[in-house]
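Visitor: Sharing a structure with you now.
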Amino acid sequence: MKKPAEKVAITNGRIKAISVSTEKGTQKTNVPEAELRIDLGIVGDAHAGKWHRQVSLLAVESIDKMVAMGANVSPGNFAENITTEGIDLLKLSLGGRLRLGRDVELEVTQFGKKCHSRCEIFEQVGDCIMPREGIFAKVISPGRINVGDVIEVLDD
């Protein structure tokens, strides 16, 4: 009797980019490192605060889809804080946890979001991936992260 195929999850990826902005509703600027705090998010980012969407994540693979559609975009252009590589963010669960670097832990709190308006990216190609493929998280354990750090799925 043949065994059913086992579900194999990718549990490790990398931080492709870290992006911050001082104002909401704008594209973010890439930085080499960031400090994350409990009940805040990324220090210095406009979206930081005591709420469930402290940190936003988007996969570079999602950004690549938009580039293939003709959009002139790169990490940070979707106002995401952390651009990931090698993890299927949409296969995570609400309440699932990620470790970034040595110390930072995030808890997934929301998938996607309602787009507040037709953004610049939507105007370029008639679509925007962030409302469907971006995720949000809150900081559970504080620390510093750097571009290139490992991302590990802790429990999902």
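The values are calculated or read from the model by the stated rules, or taken from the named source; none is laboratory data. Note that this is a predicted model, so its numbers are computed, not measured. FYI the Cβ positions are ideal-geometry reconstructions off the backbone, even for glycines, and counts take in every protein chain you see.
Visitor: Being within 14 Å of Arg99 (Cα to Cα) and in contact (Cβ under 8 Å) with a residue 40 or more places away in the chain narrows it down to one of Asn30, Asn12, so name that one.
Guide: Exactly one of Asn30, Asn12 is within 14 Å of Arg99 (Cα to Cα) and in contact (Cβ under 8 Å) with a residue 40 or more places away in the chain, namely Asn12.
Visitor: Being without any contact (Cβ under 8 Å) to a residue 12 or more places away in the chain, outside any loop (DSSP other than H, G, I, E, B) and out of contact with any strand residue (DSSP E or B) (no Cβ under 8 Å at 6 or more places or on another chain), is that true of even one residue in region 65-80?
Guide: The answer is yes; a qualifying residue exists.
Visitor: What pairs come up if the first residue lies in region 135-147 and is over 16 Å from Thr84 (Cα atoms), the second is at pLDDT below 95 and buried (at least 21 other Cβ atoms within 10 Å of the Cβ), and their beta carbons are under 6 Å apart, counting only those six or more places apart or on different chains?
Guide: Matching pairs, first to second residue: none at all.
Visitor: Out of everything in region 10-27 that is surrounded by fewer than 19 Cβ atoms within 10 Å (Cβ to Cβ) and at pLDDT 85 or above, what residue ends up being nearest to the chain's Cα centre (by Cα)?
Guide: Arg14
Visitor: While we're on this one: Which count do you get for residues in region 81-92 that are at pLDDT below 95 and either of a type outside the set (A, V, I, L, M, F, W, C) or assigned to a strand (DSSP E or B) (or both)?
Guide: 2
Visitor: So, Asp45, is that one of a type in the set (Asp, Glu), part of a loop (DSSP other than H, G, I, E, B) and touching a residue at least 60 places away in the same chain (Cβ under 8 Å) or not?
Guide: no
Visitor: Could you pull out the residue among Glu105, Glu61 that is modelled with pLDDT of 95 or more, not aromatic (Phe, Trp, Tyr) and not in a strand (DSSP E or B)?
Guide: Going through Glu105, Glu61 in turn, just one is modelled with pLDDT of 95 or more, not aromatic (Phe, Trp, Tyr) and not in a strand (DSSP E or B): Glu61.
Visitor: Determine which member of the set Leu90, Leu106 is within 11 Å of the chain's Cα centre (by Cα) and loosely packed, with under 15 Cβ neighbours inside 10 Å.
Guide: Among Leu90, Leu106, only Leu90 is within 11 Å of the chain's Cα centre (by Cα) and loosely packed, with under 15 Cβ neighbours inside 10 Å.
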